[in-house]
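Each remark here refers to the structure printed beneath this line.
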Amino acid sequence: MHPLVINLQKCSIHDGPGIRTTVFFKGCPLKCTWCHNPESQSFHKEVLYDEEKCSSCKACIKVCPEGAIYNDDDRIRLDRSKCIQCETCLDFCINNAREIVGGEHSKRDLIKEIAKDEIFYEESGGGVTFSGGEIMSQDIDYITSLMKQCKDKGIHVAVDTCGYASFDRYEKVLPYVDLFLYDIKIMDELKHKKFTGKGNKLILDNLKKLSDLGANLNVRIPLINDVNVDDENNEVMEIIEFLKPLRISMVNLLPYHSIGSHKYEKIDMEYQGEDFSRPTDEKLEEIKNLFISNNINAKIGG
């Protein structure tokens, strides 16, 4: 079984240099409270249901072979423990209220799609970015082969990673990766576990090792008030002190946004980030200048 892909985004300009194709794989070991792609967390196919599009015709209830769809107080519900993602309900939904997220693609098909835009990569200095979910949690032989084929075609390869994977996986892909977009969120171990579901020791150790091996590293930091942004910049300074001895090309400061919060209801998840907020523009500039004054290249946005 091939890793599942949730999206193949063309003409991307935020996932590395130039014009890029970003391949989003499904499945991630972290469960970040602010995640704007919750449909990328599970490693399995899922049904997304948009209740606003539903006309309550109940056709889906009648055709579901597993009895997974039912009516509850005039609302259509899905018992996900019974759903086998057979897609029968999709065929009978006249309003397209349902969709399956996650599809298998052969390496040949993915390479073919990626290579279609080679002229844009060449003219803009772009390429392909493998993202997620978490790319480094996928079938590593499949991923390595995919990257090698891209490199053989002269396509720039970037990896967008949360860093939570065994280091032997990074060693395997390192010869074919031109740029790592590496997430650092919180330095405190317990706080990191609270907000992401996992500790950060593995993540920090992997970043040090990649730096020691001379990998090209852009560090990405989501900035969220009262998570890693405070009045005294204590949290930010901890990150700066950790990064100072490492070889980092750029730090991308990414202000919090809630654009993906509407997706949670579609997969029966509750969004836990209602109390999160974005730092002010003045605060973002202040944080950027802290990095620069410590000889670390930084910019707002990615």
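The values are calculated or read from the model by the stated rules, or taken from the named source; none is laboratory data. Keep in mind that what you see is a predicted model, and the values were worked out from it rather than measured. Glycine also receives a Cβ, built like all others from the backbone with ideal geometry; neighbour counts cover every protein chain displayed.
Figures for the structure shown
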{"quantity": "Residues of the stretch 1-51 satisfying the condition of being over 15 Å from the mean Cα position of the chain (by Cα), surrounded by 19 or more Cβ atoms within 10 Å (Cβ to Cβ) and in a loop (DSSP other than H, G, I, E, B)", "calculated": "Ile19"}
{"quantity": "Lone qualifier among Lys194, Lys288 - being in contact (Cβ under 8 Å) with a residue 12 or more places away in the chain, among the charged types (D, E, K, R) and assigned to a helix (DSSP H, G or I)", "calculated": "Lys288"}
{"quantity": "In the stretch 159-187, residue surrounded by the most Cβ atoms within 10 Å (Cβ to Cβ) [restricted to those that are part of a strand (DSSP E or B) and of a type in the set (Val, Ile, Thr)]", "calculated": "Thr161"}
{"quantity": "Residues satisfying the stated conditions in the stretch 239-267, i.e. surrounded by 14 or more Cβ atoms within 10 Å (Cβ to Cβ) and among the charged types (D, E, K, R)", "calculated": "Lys263, Glu265, Lys266"}
{"quantity": "Residues of the stretch 73-110 that turn out to be assigned to a helix (DSSP H, G or I), in contact with a Lys or Arg (Cβ under 8 Å, 6 or more places away or on another chain) and either surrounded by fewer than 19 Cβ atoms within 10 Å (Cβ to Cβ) or in the same structural domain as Leu179 (by TED's automatic domain parsing) (or both), as a count", "calculated": "1"}
{"quantity": "Test: residue in the stretch 197-206 that is in the same structural domain as Glu286 (by TED's automatic domain parsing), within 20 Å of the chain's Cα centre (by Cα) and without any contact (Cβ under 8 Å) to a residue 12 or more places away in the chain", "calculated": "yes"}
